[in-house]
1. Going residue by residue through the stretch B:224-241, is there one that turns out to be in a helix (DSSP H, G or I), within 23 Å of residue A:393 (Cα to Cα) and of a type in the set (Gly, Ala, Ser)?
2. Return the only residue of A:41, A:75 being outside any loop (DSSP other than H, G, I, E, B) and either over 29 Å from residue A:173 (Cβ atoms) or in the same structural domain as residue A:325 (by TED's automatic domain parsing) (or both).
3. Name the single residue, out of those in the stretch A:212-229 being buried (at least 21 other Cβ atoms within 10 Å of the Cβ) and not in a strand (DSSP E or B), that is farthest from the other protein chains (Cβ to nearest Cβ).
4. Just to verify a result, which residue in the stretch A:230-246, among those that are of a type in the set (A, V, I, L, M) and within 17 Å of residue A:258 (Cβ to Cβ), is surrounded by the fewest Cβ atoms within 10 Å (Cβ to Cβ)?
5. Every residue in the stretch B:176-210 that is in contact with a Gly (Cβ under 7 Å, 6 or more places away or on another chain), surrounded by 20 or more Cβ atoms within 10 Å (Cβ to Cβ) and more than 19 Å from residue B:149 (Cα to Cα), please.
6. Only one of these conditions is not met by residue A:59: (1) modelled with pLDDT under 90; (2) crowded, with 21+ Cβ neighbours inside 10 Å; (3) under 30 Å from residue A:326 (Cα atoms). Which number is it?
7. What is the one condition in (1) under 21 Å from the mean Cα position of the chain (by Cα); (2) modelled with pLDDT of 90 or more that residue A:289 does not satisfy?
8. Of everything in the stretch B:42-63, what is part of a loop (DSSP other than H, G, I, E, B), touching a residue at least 12 places away in the same chain (Cβ under 8 Å) and within 14 Å of chain A (Cβ to nearest Cβ)? Give them in sequence order.
Amino acid sequence: MKWLSVKAARLMTALCRKLGRSGSAWPGAAARAVDPWILKKLAADVTEGIIVVTSTNGKTTVNNLLYRALQSQGKRAVCNAEGANMTNGVIAAFLRMADSHGKVQADWATLEVDELFTRKIVKKVQPTYLLINNLVRDQLDRCGELDTVAATIQKALSFSPKTTVLYDADDPLVTYVAKNCGHHAKSFGLCETLGSYTGKNQGSCFCHYCGTELQYHGEHYGRLGDFYCPNCDFARPAPDYQLKDLTIGFGEQTEFSVNGEMIRSHLPGIYNVYNVLAAYTAAHEAGVSTQNFQEALDHYRPQNGRMEFYQNLKKPLVLNLIKNPDGTNQAISVVLQDPRPKAVIVIINDHDNDGNDPSWLWDTDIDLMASQKENTYYACGIRRNDLQVRMKYGGLQAKLCETVQEAINDALSGDREVVYILPNYSALAPTKNFLDHLTSNEKEGA
Amino acid sequence: MENRKITIGHLLPDLLNLYGDDGNILCLSKRAQWRQIGVEQQDYCLHDPVDFENLDILFIGGGPDREQSIAMDYIHSLRSPISDYIERGGVLLAICGGYQFLGRSYMAADGSKVDGLGLLDLETVNGHGRLIGNLIIKTSLCEMPVVGFENHGGRTSLGPNVNPLGKVLYGKGNNGHDGGEGVLYKNVIGTYLHGPLLSKNPQLCDHLLSAALQNRWGDGTLAPLDDTIEKNANAYIQQRFLHALKK
């Protein structure tokens, strides 16, 4: 059955290629149609361990970094690097490492999994580690309330009792999930004061046990920090992986130590400090040396529109996916750290995978950008009118552009020094395609 | 020379704040300030006293189930002053969970009945599945249709002593079958419309401001503003959903 199932997937891959479709989910669907247990069988071939990465934001960055780290340690690893994080995408990732007999040739698998799909996937792959980096409010019409997401992950863990949970101790909801599931768990967190960034508090900051408002020792980054409940004994545990000696730079290196080992990172923003810390924790647990992790990090270039830098256009350009308030605020904080006058293009669609309701734009700190007087703004995407209203009430005058191409061309030929593009989910791929097209034109021109 | 000013209060912003609803306060404040009308904003956190005498607009949003249950005791403690405030014509905007609180009862996600404030003649029960999608209604309060997004599991039925805020042109509304959306009673608006509500409906926003100014200063007049951007966003929703319906 397994052999036949893998064969079906291979046929589908060939067919997709012939039809010019890049969809990474189709081969997985074909394999599953032939053998509903295919994922369990493929996962059983992995010899050393499986890591499942889930959280609201930063899954792709953490997972890809982890993949590179395992490779630099000399491990063969399965990875859904392009971010197809539901059942079919995960199956497709295993299939890419399967030999002609349908046997997966890998030491490790590192898989990013959509929060709502953890239930199905964790049950089948029985991961060695489940990594939870953060849980914040996401697309409400698709995902439902945050507590429902947390309950789904707990349920997933109940199907895989031997899984060790790796979690961000600074996130109250994540800590609650880790504490409540009764699994073996190891935590990471910042033992360090942060800069002056104060965003809106997103999601719950009330004790999950007794309902009292949580307090923090020292500064905190949104809901993340050294929290404690003044009424009961719920509090941040002392992290097993402690981040200290943090210096954050923009355009230069960010440095910090984890349990005394120095790490240098070129990824911008505090949220990337958490992403790197999460990846380091899982890599270290999987036996990757700090030196090999550092080497992987040095060579890691963000892709798929996660703070992706384009250097070969008329102006430097940064592309970063935004899909919920928390992630958008992180992107805005990076925009604000860059002192250059800039053009900011925001693209908001409302397809099912974006969430049909763009109300969440009003939960973002878009208003903070009004402090930089020399920027220009563009509102694009299906819901560009909504976006333009949001920007107006945030003190920003945005130019409405019917197409992304028009906005990008205008921004590149204008007099601002750098261009930031912030698309939501379904707007990302067409934007990337256009930027790749521009990049290849520039090369031909030169 | 404009010397009018108003106070806008937000009940439990840290607990009842689903999906951009506090944008309504931003809309009210900006549209007052753009007309040189002074605005004071008050956030009421758990157990804070509320000075209803000096309050001109009260906003109550909705929250996740757990947060709403944390909020409940405090909200019940304010029942009597909120009732007086409503009866003397105080302006109140309540969205989603906040709207449900105003009625006799609603249901938690697990189906258990929760006592509301019983201030308005309405009741909410759970139905099969959530009502999610764009929503367009026509209300007597303004000329433009009111547009937004609904996402609620509860089905609300109005009693004979209150009227719906408007008639559903597209979407589901209060319960998906009687064609009504929201509630209108004196200067109280309760509704399922997110968006946030006042962002794409500047006339409704001005209606609330005007009522509040009339109450406080005996003068509810408002200078006109350029609402091209807001009206375009409103028109887009109408075109996309209403016109598609007519085809």
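The values are calculated or read from the model by the stated rules, or taken from the named source; none is laboratory data. A quick note: this is a predicted structure, and the numbers were derived from the prediction, not measured. Cβ: placed from backbone, ideal geometry, glycine included. Neighbour counts: every protein chain shown.
1. Yes, the stretch B:224-241 has at least one match.
2. Testing whether each residue is outside any loop (DSSP other than H, G, I, E, B) and either over 29 Å from residue A:173 (Cβ atoms) or in the same structural domain as residue A:325 (by TED's automatic domain parsing) (or both) leaves just A:41.
3. The selected residue is A:222.
4. A:238
5. Hit for the stretch B:176-210 is B:187, nothing else.
6. (1)
7. So the condition that residue A:289 fails would be (1).
8. B:45, B:46, B:47, B:61, B:62, B:63
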